[in-house]
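What follows is one structure encoded as structure tokens, with my remarks underneath.
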Amino acid sequence: MNTYHRSRFAGLLVTTALLAAACSEPTSGNPASSISSAPLFSRATKGSSNAASFTVLANAAVTCTGGSIVGDVGTFQTAPPGAITLTEGCLIPGSQDIGGAAARAAYQGFLDQYAALAPKVGDVCPVITGTLAGQSLSPGVYCVSSEAKTGVLTLNGSANATWLIKVPSGALTGTSFSVVLAGGAQACNVTWWVEAAARMTDSDLKGNVLAGAAITLTRGTFAGNAWAGAAGVGDVTSTGTAVVGCGSRAGNDDKDKKDK
């Protein structure tokens, strides 16, 4: 791992610690506590090689059927059981790393981030129940229920604003669920911490997903990094989904046209 790689990755971990501290602060009439303005996954320098360039990280296996993944793809485990399987014309212009040094270092960083952001004793984070349809969230830290998500969730804030949305118990699931960015908000400044699995179908999800178990994307679009298996087992399966990672380009530059 080169010096740039190490320093960039260290910066990500520092930001993680700030977010974790923010989540433990009490709220005052608002489910969102204060949060650092620095993004959890900052945009990578174009053409550089660093941990954040991994759009998809799985413990053992990544399967992509159709669709595309922009950014690098890796697994923590070597082959076998580590594997990256592409079928039906899935396009991955980035690198593929099955248990190599870069993928393993990135995955360890993911585990560190996941642990740092996990709910702690004494946290004040009231759980928002329901589908999130019609909700508009300002920057901050939120906890949501594991009920299936649908409809439109709006995240309204500036280009430097950050959101940390936790599913502290269970999975993040959604069908025809869309996240709309307003006011200059950027996808790579949004992080979803999920205790268990994440499953999205026909959805337009924005934000980095740090999942305890597997991540499954079926059709739709996804802007962010998908990192799975913090609890020890977790693969990533993408079927007909257009995925753009934060280490590649554009997750941060891709403003949602719907809010205009």
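The rule of thumb for compact globular proteins, 2.2 N^0.38 Å, goes into the C-alpha radius of gyration of region 38-193 1.13 times. Solvent-accessible area of region 61-145 (1.4 angstrom probe, protein heavy atoms only): carbon and sulfur portion equals 60 percent. Counting every pair of alpha carbons in region 102-260, the share spaced more than 22 Å apart comes to 35 percent.
The values are calculated or read from the model by the stated rules, or taken from the named source; none is laboratory data. Since the structure is predicted, the reported quantities are computational estimates derived from the model, not experimental observations. Areas reflect the complete protein model, heavy atoms only, side chains present, ligands, DNA and RNA absent. Shrake-Rupley method; radii C 1.70, N 1.55, O 1.52, S 1.80 Å.
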